[in-house]
Amino acid sequence: MPRFTTVALVAGAALLVRRAVRSRMTTAPLWPMPALDEPVSGYGRGSTVPRKVRVASRTTPAEGVVELRLEGRGLPAWQPGAHIDLVLPSGLVRQYSLCGDPADPTAYTVATRLIGAGQGGRGGSREVHEQLHEGVEIEIRGPRNRFPLAEAPAYVFVAGGIGVTPVLPMLRAAEAAGADWRLVYCGRSRATMPYLAEIEALGRAADRVTVVAEDESGHPDLGFLADVPAETLVYCCGPDGLMDAVAAALPTGRTPRLERFSAAATTGGTAFEVELRRSGRTVRVAADQSVLAAVREEVPGLMYSCRQGFCGTCRQRVLEGEVDHRDELLTEAERSDSMLICVSRCAGKRLVLDL
């Protein structure tokens, strides 16, 4: 794989491509973008107000992948990296990255790969594939953005499989802004990699895209990341193994911006006790049990939704004890006195919740 070098501006054809892209832009200026973890109105932490949308179209951008265009009224603006919650017909809530055009105020576009139970799936993707057809109305929440594209002169993007969905709008934005960028796009095979043709066309003028199909060339060589200049931001979304490899390949002290498919494991470690202060009860959380599951044995009506640490429905106030935070939602300030009990655990032997 070629080594990464910073290029100020690509001349000739690449410059013409950039000018053409900028001339077609209808959105407000891309910069400044929101800082990481900055709660910006309209994207940032995002809206929790539910909205009804209709599946306007359904396509198949790759083997095993379904794309949905969801149309609705009053849809909040969003920026690259944002995701929405889909409230599925069964009541399951799942999060999907927006991969359409932020300039389109009438619709959101999401794509999901079918994941079977043997691959760690929990039924959400199958429900999307089997039940969400054209004309179906569903409820959404958001958008939220925990993976915003910050301003930089250059970027390296690494995407694995369906992890390309939040990256695709970033590529378009970086190209339109005239930034230098490079993408390493990995997948099992070319047939399973969504949006491959568009992405290759977007980066063709400056040879920006490296496609690594496992059935053709094995795993990606990420050694070039050791030489990424300090001003270049590195973004990665994909399987945990790929994100860990990207982090390990960067120079000491450098960290990539990551978007994970799911929160950390909810179980593991040791058992502990949770006191429910207002109700005067104490429950024991086993090592193979979530706090949510244990507490709901005493408080059956306790609200929850995603069970993955994304939506915030199960957030509870912590009165005492040290929390092992495993969610993907709360800010550091919010973690000082709150936890999402669907995924987070106790770092000691006892927690006291305001329940």
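The values are calculated or read from the model by the stated rules, or taken from the named source; none is laboratory data. Computed from a prediction, not measured in an experiment: that's the story for all the values here. Positions of Cβ are backbone-derived with ideal geometry, glycine not excepted, and every protein chain shown enters the neighbour counts.
Annotations for the structure displayed:
- Among residues of the range 236-249, those that are touching a strand residue (DSSP E or B) at 6+ places or on another chain (Cβ under 8 Å) and surrounded by fewer than 17 Cβ atoms within 10 Å (Cβ to Cβ), counted: 2
- Condition met for S125 (hydroxyl-bearing (S, T, Y), surrounded by 14 or more Cβ atoms within 10 Å (Cβ to Cβ) and modelled with pLDDT of 95 or more): no
- Flag if L68 is of a type in the set (A, V, I, L, M, F, W, C), surrounded by 14 or more Cβ atoms within 10 Å (Cβ to Cβ) and not in a strand (DSSP E or B): no
- Condition check for L196: surrounded by fewer than 21 Cβ atoms within 10 Å (Cβ to Cβ), over 18 Å from A82 (Cα atoms) and touching a residue at least 12 places away in the same chain (Cβ under 8 Å): yes
- First in the range 91-104 and within 17 Å of Q131 (Cα to Cα), second anywhere and hydroxyl-bearing (S, T, Y) and buried (at least 16 other Cβ atoms within 10 Å of the Cβ), Cβ under 7 Å, 6 or more apart: V93/S305; Y96/T112
- Inclusion of P251 among residues that are assigned to a loop (DSSP other than H, G, I, E, B), at pLDDT 95 or above and not hydroxyl-bearing (S, T, Y) is not warranted.
- Residue match in the range 77-87 (condition: over 18 Å from the mean Cα position of the chain (by Cα) and not acidic (D, E)): no
- Residue satisfying all of: in the range 267-313; polar (S, T, N, Q) and under 14 Å from L353 (Cβ atoms); surrounded by the most Cβ atoms within 10 Å (Cβ to Cβ) among these: S290
- For the range 202-229, taking the residues that are assigned to a loop (DSSP other than H, G, I, E, B) and of a type in the set (D, E, K, R), the one that is nearest to V246 (Cα to Cα) is identified as D221.
- Selection status of V158, part of a helix (DSSP H, G or I), modelled with pLDDT of 95 or more, in contact with a Cys (Cβ under 7 Å, 6 or more places away or on another chain) and at negative phi: no
- Single condition E175 does not satisfy, out of (1) among the charged types (D, E, K, R); (2) part of a loop (DSSP other than H, G, I, E, B); (3) buried (at least 20 other Cβ atoms within 10 Å of the Cβ): (2)
- Which numbered condition L329 misses (of (1) in a loop (DSSP other than H, G, I, E, B); (2) without any contact (Cβ under 8 Å) to a residue 40 or more places away in the chain; (3) within 23 Å of L168 (Cα to Cα)): (2)
- Any hit, the range 223-235, residues being touching a residue at least 12 places away in the same chain (Cβ under 8 Å), within 24 Å of E67 (Cβ to Cβ), surrounded by fewer than 19 Cβ atoms within 10 Å (Cβ to Cβ) and not assigned by TED's automatic domain parsing to the domain that holds L114: no
- Residue satisfying all of: in the range 314-337; under 19 Å from the mean Cα position of the chain (by Cα) and of a type in the set (D, E); surrounded by the most Cβ atoms within 10 Å (Cβ to Cβ) among these: D327
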